[in-house]
1. Please verify whether Ser647 is assigned to a strand (DSSP E or B), more than 26 Å from Ala726 (Cα to Cα), out of contact with any Phe, Trp or Tyr (no Cβ under 6 Å at 6 or more places or on another chain) and assigned by TED's automatic domain parsing to the domain that holds Val579, treating the condition exactly as stated.
2. Check Tyr527, Tyr536, Tyr543 and return the single one that is over 23 Å from Arg189 (Cβ atoms), of a type outside the set (Gly, Ala, Ser) and surrounded by 20 or more Cβ atoms within 10 Å (Cβ to Cβ).
3. Take the residues in segment 687-701 that are more than 35 Å from the chain's Cα centre (by Cα) and free of Cβ contacts under 8 Å to residues at least 60 places away in the same chain, then tell me which one is surrounded by the fewest Cβ atoms within 10 Å (Cβ to Cβ).
4. Does segment 743-760 contain at least one residue that is under 20 Å from Val582 (Cβ atoms), among the hydroxyl-bearing types (Ser, Thr, Tyr) and over 31 Å from the mean Cα position of the chain (by Cα)?
5. Is at least one residue of segment 480-491 acidic (Asp, Glu), closer than 29 Å to Arg189 by Cα and touching an Asp or Glu at 6+ places or on another chain (Cβ under 8 Å)?
6. Among the listed residues Gly638, Gly634, which satisfies the condition of being surrounded by 15 or more Cβ atoms within 10 Å (Cβ to Cβ), closer than 14 Å to Leu580 by Cβ and either of a type in the set (Gly, Ala, Ser) or at pLDDT 95 or above (or both)?
7. So the check is Cβ under 6 Å with 6+ separation or different chains; which pairs have a first residue in segment 753-771 that's assigned by TED's automatic domain parsing to the domain that holds Leu679 and a second one that's of a type in the set (D, E, K, R) and part of a strand (DSSP E or B)?
8. Give the number of residues within segment 702-717 that are free of Cβ contacts under 8 Å to residues at least 40 places away in the same chain and not in a strand (DSSP E or B).
Amino acid sequence: MHLPRSPRRTSVAWAAAVLTAAAVVVGPSPALARSPLADANSQKVDAALAEAVVSGGEAAFFVVMKDQADLTGIREKRGHGVRTRAAYGALKEKAERAQGSLVDFLDKERVGHESFWIANAVKVTGDEQLVRKLSQRDDVARIVKEQRYELDETESAVLDAAPAVEDGTPEWGVKDVKADQVWSQYDDRGEGIVIANIDSGVQYDHPALVRNYRGDNGDGSFTHDYNWYDPTGQCQTAAPCDNNGHGTHTMGTMVGTGGIGVAPKATWIAAKGCEDKSCSDSSLLKAGQWILAPTDHNGENPRPDLAPDIVNNSWGGGDTTFYQDIVEAWNAAGIFEAFASGNDGDGTTCSTGHAPGSQAPAYGVGAHDVNGKIANFSGFGPSLVDGSMKPNISAPGVNIRSTWPGSTYKAINGTSMATPHVAGAVALLWSAAPSLIGDIDGTRALLNDGAVDVDDTHCGGTADANNVWGEGRLDILASVDKAPHTAATVTGRITHEATGAALSGITVKASGVATSRSVTTTADGAYRLTLPAGVYDFSAEGYGYAATRASGVEAAVGQALAQDFALTAVPAHQVTGTVLDVTGKPLAGARVQIAGTPVAAVTSGTDGRFTLPKVAEGSYTLTATPAAPVLCNGVYSGPLAVDADESVSARTPARADAYGNSCAPAVYSWVTGKAKVALTGDEDAKSIALPFPVKLYGVPYDSVSVTTNGLLDFMEPRLGDYSNTALPAAAKPNGLVAAFWDDLVLDRKSSVQTTTLGTAGKRTFAVVWNNAAFADGSTGRVTFEALFDEATGTVTLQYQTVPGKGVGATVGIENQTGTDALAYSFDQPVITDGTAVRIAQGAK
């Protein structure tokens, strides 16, 4: 985060009472009686926000639009991919149209904003005056303060012993819901179903989880794009991480092997919606969007066809209706969701459940122990949000042993632990009865009908459906027994054509008109799929083997169909090449690899040359990732067809941010300043008029604040400055150009000047820092400038003299909310005298 250097500037403190709940709980405080904002706009502005901005305070909040997408017709569509694509398209289009006028208003007010399409909401940070203006808009439905939710910390000792065999002795919760009986009676362990969680992350290479991670290519390599997303930015690499343990635990209960998980052959993906011990609204919203339309690790190039079938949510809090839009969007798309009911109960008091689990559209889950007694922490209904019966069902949630980071196991308590039992149970149900996939109402009905009734009506309801147990205790065997068994079972074995040896990790896919399902072969080369009756095209493929297909295979109701494949190994060839930087010069130290293959990555030499181990014939994607410092070199990604020895020239593209701004080295051509800007000393700033509108991330500005510390701030005039940090960062300042952001001092030998060159339409405006000294007393002075081009919109940063090559500075640009940036360098000695960097405007 950006830290204030001067004690005159303080950050806004956001405080909330946090309850100890696995399904995280934060309740909004009542508005202060003195707040006229709450009195005047009580129907739009929530009380917590009104209190936060009273008396000059600022807060982050969401402006929820009145116009929402109509998803009714999408529920009638057939096919998982068809429904997810339709839902994504409708939500995205509605948000873009509905938010247009509001975005224009915020840009004119110089207010940073971030849009969300799944809830049709815009996040901003502002004061009471801004909240008042927004509440008066006809297109705004409500304004909600951003909250954070704490994850449960109830734990017991780590258990070091790993399961002895793949299915092992089932944990008590797995046996209690009769998942093990579904395994034995139906030979069903969740094959072909994809489960996700929104949580603190997952240790993806945990021995009980790695084999059914969708990103596991089965050959020692991993593909994390579309299978993992970290909007919090907490993970140090592109691979999944878990800095809490909670998410690894819930995932294990769903799909872990060794008797840990309910559906141990379902496939999993994950989104990190919780930063560490807590989850922010922003991260949860981004994760919620990703569930419906998974993206690459940058949050780009959405693929709704890769959305999971089921999503587990062991979090929640308060009594808000904010997440109802997300839940309804998932349900419309055919994605089953389960939410924890919350851990704010005391075993007696009613209405202790919390949203989203307590919202009518959500399937909320309570917790019970091994003796069949409701957990004393389990949240009861009726819902404070809408009066609905809650929870919907109950599942094991006390002393639940599951996977834990460090490849260990831990037993903990919470409705967070109960909820993944339900998510895993749905995987078993949908695998056994694939005609139910996407049928949310039908699935809930079967879960409810199969549940064991528990008579406790002290919070209202009946013996078979009440506000303590919901419909009762989860019994997935009974639900599967009651399900429509209209599927065919396809089994087979994949072998090496020449030797007959079993081939593991081979992907077998069945593609039909409305259903496509895939599994990977086990160690003995076997696979199993259940498919609705119909005609399918089958394929079997894996690295090093020619893909084999069978078309027009008819699967009939109740049929046991055998579909074996013998794969032929293909020849391997040498692949060599050269990695070039963005200017076409050899680039040393780049990591070169072939995605999705076991071919070991190599590093380019001083001459940019590389030689890969031999690569099997086939079509691949070759990537070359520059080593630090990255500067303006992007990641090369290009097709590679191997049918003989190959030589590749991999020239890295200009590196770009999510908006599409890109940078490249430029020809140095110094511009001398003329008009002096009245800046002096340390921590000084001056707002100046621009001779022509300058765009930053698509927003035009006619003035900018120039600081002594080499920073141009387009968002607000201010005194003082902030310690430079890596970009982007959410805290202020945002909406900036960091020409040479460091702790600088202007004395009698220093100055900041501006000048304008050229004629109207082709002008260049320069801001020049001359001989600035370093505040820490370091020797030498720095002279640099920022040039704005009227015709092209480019920003050119030029450096005349730079002591230490910029080792303490930040260089780059950042958007108005601190969520996107094109960072050239941060505390790196990479800037030399007489050089220039040009940043081209994106067109997103």
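1. yes
2. Matching residue, one of Tyr527, Tyr536, Tyr543: Tyr543.
3. Taking the candidates together, the pick is Ala689.
4. Scanning segment 743-760, I find no residue that is under 20 Å from Val582 (Cβ atoms), among the hydroxyl-bearing types (Ser, Thr, Tyr) and over 31 Å from the mean Cα position of the chain (by Cα), so the answer is no.
5. Taking segment 480-491 as the starting set, the residues that turn out to be acidic (Asp, Glu) are 481.
The next check asks that each one be closer than 29 Å to Arg189 by Cα; those that pass are 481.
Now drop any that are not touching an Asp or Glu at 6+ places or on another chain (Cβ under 8 Å), which leaves none.
The answer is no; no qualifying residue exists.
6. Unique residue meeting the criteria: Gly634.
7. Gln753/Lys676; Thr764/Asp789; Ala766/Glu785; Val768/Glu785
8. 2
The values are calculated or read from the model by the stated rules, or taken from the named source; none is laboratory data. All values derive from a computational prediction rather than experimental measurement. Note that we place each Cβ from the backbone using ideal geometry, even for glycine, and neighbour counts take in every protein chain shown.
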